[in-house]
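The values are calculated or read from the model by the stated rules, or taken from the named source; none is laboratory data. Since the model is a prediction, treat every value here as computed from it, not as a measurement. FYI the Cβ positions are ideal-geometry reconstructions off the backbone, even for glycines, and counts take in every protein chain you see. The area values use the complete protein model at the heavy-atom level, side chains included, leaving out ligands, DNA and RNA. Shrake-Rupley method; radii C 1.70, N 1.55, O 1.52, S 1.80 Å.
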Amino acid sequence: MPTPPRTEPLVLLAVALAATAISGIAPYERGTWWLEVAPVLIGAPILVLTWRRFPLTMLVYRLLFLHALVLVVGGHYTYARVPLGFWVQDLFDLARNHYDRLGHVAQGFVPAMLVREILLRTSPLRPGRWLAVLVVSVCLAFSAFYELIEWWAALLGGDSAASFLGTQGDEWDSQWDMFLALVGAVLSLAVLSRVHDRALARAERIRSWVYRSA
(Lines give C-alpha, C1' and ligand atoms only; values in the text may rest on other atoms or scores of the structure.)
Protein backbone atom coordinates (compact mmCIF):
# COMPACT_ATOMS: atom_id res chain seq x y z
CA MET A 1 0.00 0.00 0.00
CA PRO A 2 1.46 3.42 -0.95
CA THR A 3 2.08 5.82 1.89
CA PRO A 4 0.65 9.34 2.04
CA PRO A 5 2.91 11.83 0.26
CA ARG A 6 4.61 14.05 2.81
CA THR A 7 7.86 15.29 1.33
CA GLU A 8 6.70 16.55 -2.06
CA PRO A 9 4.02 18.96 -0.78
CA LEU A 10 6.55 20.49 1.61
CA VAL A 11 9.12 20.82 -1.16
CA LEU A 12 6.59 22.46 -3.47
CA LEU A 13 5.57 24.85 -0.70
CA ALA A 14 9.17 25.73 0.12
CA VAL A 15 10.09 26.36 -3.53
CA ALA A 16 6.94 28.43 -4.10
CA LEU A 17 7.63 30.58 -1.03
CA ALA A 18 11.28 30.98 -2.03
CA ALA A 19 10.24 32.02 -5.55
CA THR A 20 7.78 34.51 -4.06
CA ALA A 21 10.48 35.98 -1.83
CA ILE A 22 12.95 36.24 -4.73
CA SER A 23 10.32 37.88 -6.93
CA GLY A 24 9.89 40.49 -4.22
CA ILE A 25 13.52 41.62 -4.55
CA ALA A 26 13.46 44.92 -6.46
CA PRO A 27 10.28 44.24 -8.47
CA TYR A 28 9.41 46.63 -11.28
CA GLU A 29 6.56 48.12 -9.22
CA ARG A 30 6.15 47.24 -5.54
CA GLY A 31 2.42 47.92 -5.46
CA THR A 32 1.80 45.74 -8.51
CA TRP A 33 3.93 42.99 -6.97
CA TRP A 34 1.71 42.89 -3.88
CA LEU A 35 -1.42 42.71 -5.99
CA GLU A 36 -0.10 39.98 -8.29
CA VAL A 37 1.32 37.69 -5.58
CA ALA A 38 -1.64 38.17 -3.21
CA PRO A 39 -3.26 34.87 -4.34
CA VAL A 40 -0.06 33.03 -3.36
CA LEU A 41 0.21 34.82 -0.01
CA ILE A 42 -3.44 34.04 0.74
CA GLY A 43 -3.57 30.54 -0.71
CA ALA A 44 -0.40 29.10 0.82
CA PRO A 45 -1.54 29.48 4.46
CA ILE A 46 -4.94 28.00 3.58
CA LEU A 47 -3.27 24.94 2.04
CA VAL A 48 -1.04 24.55 5.10
CA LEU A 49 -3.96 24.84 7.52
CA THR A 50 -6.08 22.31 5.60
CA TRP A 51 -3.29 19.86 4.78
CA ARG A 52 -4.15 17.36 7.52
CA ARG A 53 -7.93 17.77 7.53
CA PHE A 54 -8.48 18.06 3.76
CA PRO A 55 -5.31 17.10 1.86
CA LEU A 56 -5.55 17.55 -1.88
CA THR A 57 -4.26 15.19 -4.53
CA MET A 58 -0.68 15.68 -5.64
CA LEU A 59 -1.99 16.55 -9.11
CA VAL A 60 -3.75 19.61 -7.70
CA TYR A 61 -0.82 20.57 -5.48
CA ARG A 62 1.52 20.45 -8.49
CA LEU A 63 -0.85 22.54 -10.60
CA LEU A 64 -1.17 25.12 -7.81
CA PHE A 65 2.62 25.24 -7.57
CA LEU A 66 2.98 25.95 -11.30
CA HIS A 67 0.28 28.60 -11.11
CA ALA A 68 2.12 30.23 -8.22
CA LEU A 69 5.26 30.47 -10.35
CA VAL A 70 3.29 32.13 -13.16
CA LEU A 71 1.94 34.68 -10.68
CA VAL A 72 5.21 35.55 -8.95
CA VAL A 73 7.07 35.96 -12.25
CA GLY A 74 4.32 38.30 -13.44
CA GLY A 75 4.48 40.12 -10.14
CA HIS A 76 8.22 40.71 -10.37
CA TYR A 77 8.32 42.06 -13.93
CA THR A 78 4.62 43.05 -14.35
CA TYR A 79 2.81 40.97 -16.93
CA ALA A 80 3.49 43.40 -19.77
CA ARG A 81 7.27 43.18 -19.21
CA VAL A 82 7.99 39.48 -18.61
CA PRO A 83 11.02 38.51 -20.74
CA LEU A 84 9.45 35.20 -21.82
CA GLY A 85 6.51 37.15 -23.23
CA PHE A 86 8.85 39.44 -25.17
CA TRP A 87 10.67 36.40 -26.57
CA VAL A 88 7.38 34.90 -27.81
CA GLN A 89 6.34 38.32 -29.13
CA ASP A 90 9.52 38.61 -31.20
CA LEU A 91 9.42 34.98 -32.31
CA PHE A 92 5.89 35.21 -33.73
CA ASP A 93 5.94 38.95 -34.55
CA LEU A 94 3.06 39.68 -32.18
CA ALA A 95 1.72 43.14 -31.40
CA ARG A 96 1.99 42.79 -27.60
CA ASN A 97 3.49 40.78 -24.76
CA HIS A 98 1.10 37.86 -24.27
CA TYR A 99 2.39 36.57 -20.92
CA ASP A 100 -0.81 37.85 -19.31
CA ARG A 101 -2.78 35.65 -21.71
CA LEU A 102 -0.87 32.64 -20.34
CA GLY A 103 -1.74 33.80 -16.84
CA HIS A 104 -5.45 33.89 -17.62
CA VAL A 105 -5.42 30.48 -19.27
CA ALA A 106 -3.81 29.22 -16.06
CA GLN A 107 -6.51 31.06 -14.10
CA GLY A 108 -9.01 28.65 -15.62
CA PHE A 109 -6.83 25.57 -16.11
CA VAL A 110 -5.60 25.19 -12.53
CA PRO A 111 -8.71 26.16 -10.53
CA ALA A 112 -10.75 23.75 -12.66
CA MET A 113 -9.02 20.77 -11.03
CA LEU A 114 -9.22 22.34 -7.58
CA VAL A 115 -12.95 23.02 -7.92
CA ARG A 116 -13.53 19.57 -9.43
CA GLU A 117 -11.80 17.92 -6.48
CA ILE A 118 -13.71 19.91 -3.88
CA LEU A 119 -17.05 19.16 -5.55
CA LEU A 120 -16.35 15.45 -5.96
CA ARG A 121 -15.25 15.09 -2.34
CA THR A 122 -17.86 17.27 -0.63
CA SER A 123 -21.01 16.94 -2.74
CA PRO A 124 -23.14 14.14 -4.25
CA LEU A 125 -21.88 15.06 -7.72
CA ARG A 126 -20.15 12.37 -9.76
CA PRO A 127 -18.02 12.69 -12.91
CA GLY A 128 -20.22 13.71 -15.80
CA ARG A 129 -21.75 16.61 -17.65
CA TRP A 130 -23.24 18.43 -14.67
CA LEU A 131 -19.95 18.34 -12.81
CA ALA A 132 -18.18 19.78 -15.86
CA VAL A 133 -20.79 22.53 -16.23
CA LEU A 134 -20.46 23.55 -12.59
CA VAL A 135 -16.66 23.47 -12.66
CA VAL A 136 -16.50 25.67 -15.75
CA SER A 137 -19.14 28.01 -14.31
CA VAL A 138 -17.21 28.47 -11.06
CA CYS A 139 -13.97 29.14 -12.95
CA LEU A 140 -15.65 31.66 -15.24
CA ALA A 141 -17.31 33.34 -12.24
CA PHE A 142 -13.96 33.60 -10.49
CA SER A 143 -12.39 35.10 -13.59
CA ALA A 144 -15.18 37.68 -13.80
CA PHE A 145 -14.73 38.49 -10.10
CA TYR A 146 -11.01 39.00 -10.70
CA GLU A 147 -11.88 41.52 -13.42
CA LEU A 148 -13.96 43.35 -10.82
CA ILE A 149 -10.92 43.39 -8.53
CA GLU A 150 -8.88 44.94 -11.35
CA TRP A 151 -11.63 47.53 -11.87
CA TRP A 152 -11.65 48.41 -8.16
CA ALA A 153 -7.85 48.65 -8.20
CA ALA A 154 -8.08 51.05 -11.13
CA LEU A 155 -10.64 53.19 -9.32
CA LEU A 156 -8.52 53.35 -6.18
CA GLY A 157 -5.08 53.55 -7.77
CA GLY A 158 -5.76 55.53 -10.93
CA ASP A 159 -2.79 55.57 -13.29
CA SER A 160 -0.65 53.70 -10.75
CA ALA A 161 -2.81 50.59 -11.32
CA ALA A 162 -2.01 50.45 -15.04
CA SER A 163 0.64 47.73 -14.64
CA PHE A 164 -1.75 45.58 -12.59
CA LEU A 165 -4.44 45.91 -15.25
CA GLY A 166 -1.94 45.06 -18.00
CA THR A 167 -4.29 45.94 -20.83
CA GLN A 168 -1.44 47.14 -23.09
CA GLY A 169 -3.90 49.29 -25.01
CA ASP A 170 -6.34 46.45 -25.74
CA GLU A 171 -9.89 47.72 -25.18
CA TRP A 172 -11.15 44.11 -25.13
CA ASP A 173 -8.59 42.94 -22.56
CA SER A 174 -11.16 42.07 -19.88
CA GLN A 175 -13.21 40.02 -22.34
CA TRP A 176 -10.08 38.24 -23.55
CA ASP A 177 -9.09 37.47 -19.95
CA MET A 178 -12.43 35.84 -19.16
CA PHE A 179 -12.54 33.98 -22.47
CA LEU A 180 -9.06 32.54 -21.93
CA ALA A 181 -9.95 31.46 -18.40
CA LEU A 182 -12.97 29.70 -19.92
CA VAL A 183 -10.73 28.02 -22.50
CA GLY A 184 -8.30 26.99 -19.75
CA ALA A 185 -11.05 25.42 -17.65
CA VAL A 186 -12.51 23.47 -20.58
CA LEU A 187 -9.04 22.33 -21.67
CA SER A 188 -8.19 21.23 -18.14
CA LEU A 189 -11.32 19.10 -17.90
CA ALA A 190 -10.73 17.58 -21.33
CA VAL A 191 -7.08 16.72 -20.68
CA LEU A 192 -6.89 15.97 -16.95
CA SER A 193 -10.25 14.58 -15.80
CA ARG A 194 -9.25 10.94 -16.14
CA VAL A 195 -5.85 11.58 -14.60
CA HIS A 196 -7.59 13.38 -11.76
CA ASP A 197 -10.02 10.50 -11.24
CA ARG A 198 -7.10 8.10 -10.84
CA ALA A 199 -5.39 10.48 -8.43
CA LEU A 200 -8.57 10.75 -6.37
CA ALA A 201 -8.97 6.97 -6.29
CA ARG A 202 -5.38 6.54 -5.14
CA ALA A 203 -5.81 9.20 -2.45
CA GLU A 204 -8.98 7.49 -1.24
CA ARG A 205 -7.17 4.14 -0.96
CA ILE A 206 -4.45 5.82 1.08
CA ARG A 207 -6.96 7.49 3.40
CA SER A 208 -8.79 4.19 3.90
CA TRP A 209 -5.54 2.40 4.68
CA VAL A 210 -4.48 5.09 7.15
CA TYR A 211 -7.91 4.97 8.82
CA ARG A 212 -7.78 1.18 9.22
CA SER A 213 -4.21 1.35 10.54
CA ALA A 214 -5.02 4.03 13.13
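Before moving on, here are some points about what is shown:
- Label-to-label distance, ALA38 versus VAL133, with points set 7 angstrom from Cα along the beta-carbon direction: 3.3 nm.
- Largest to smallest in accessible area, the residues TRP152, TRP130, TRP34, TRP51 fall in the order TRP130, TRP34, TRP152, TRP51 (1.4 Å probe, all protein chains included).
- Were the residues from TRP51 through TYR28 laid out at 0.36 nm apart, the gain over their Cα-Cα distance would be 4.9 nm.
- Gained length - GLN175 relative to ALA95, 0.36 nm times residue gap less alpha-carbon distance: 27.0 nm
- Going through (1) 1.00; (2) 0.97; (3) 1.03, the figure that equals Rg/Rh (Cα atoms, Kirkwood Rh) as computed for the structure here is (1).
- Entry comment: accessible area of the range 1-140 is 54 Å² per residue, from protein heavy atoms only and a probe of 1.4 Å.
- Only Lys, Arg (+1) and Asp, Glu (-1) charged, at Cβ; the chain dipole about Cα centre in debye: 1600
- Fraction of accessible area attributable to carbon and sulfur, the chain (%, probe 1.4 Å): 71
- Sites VAL15 and ARG202, calculated FRET efficiency, Cβ-Cβ separation with R0 30 Å, nearest 0.05: 0.80
- Think of the chain as a dipole: +1 on every Lys or Arg Cβ, -1 on every Asp or Glu Cβ, centred on the Cα centre; then among VAL11, TRP172, GLY184, VAL11 lies furthest on the positive end.
- Degrees, to the nearest 10: 58-77 long Cα axis against longest axis of the chain: 20
- Surface accessible to a 1.4 Å probe, GLU29 within the full protein complex, Å²: 60
- The range 26-65 and the range 109-134 have Cα centres lying 20 Å from one another.
- Each stretch of four or more DSSP H residues adds -39500 (n - 2.57); spread over every residue of the chain, this sum gives -26500 deg cm²/dmol at 222 nm.
- Accessible-area ranking of TYR61, TYR28, largest first, probe 1.4 Å: TYR28, TYR61
- ARG198, ARG101, ranked by accessible area, largest first (probe 1.4 Å): ARG198, ARG101
- Tilt relative to the chain, helix 129-157 - C-alpha long axis, 0 to 90 degrees, to 10: 40
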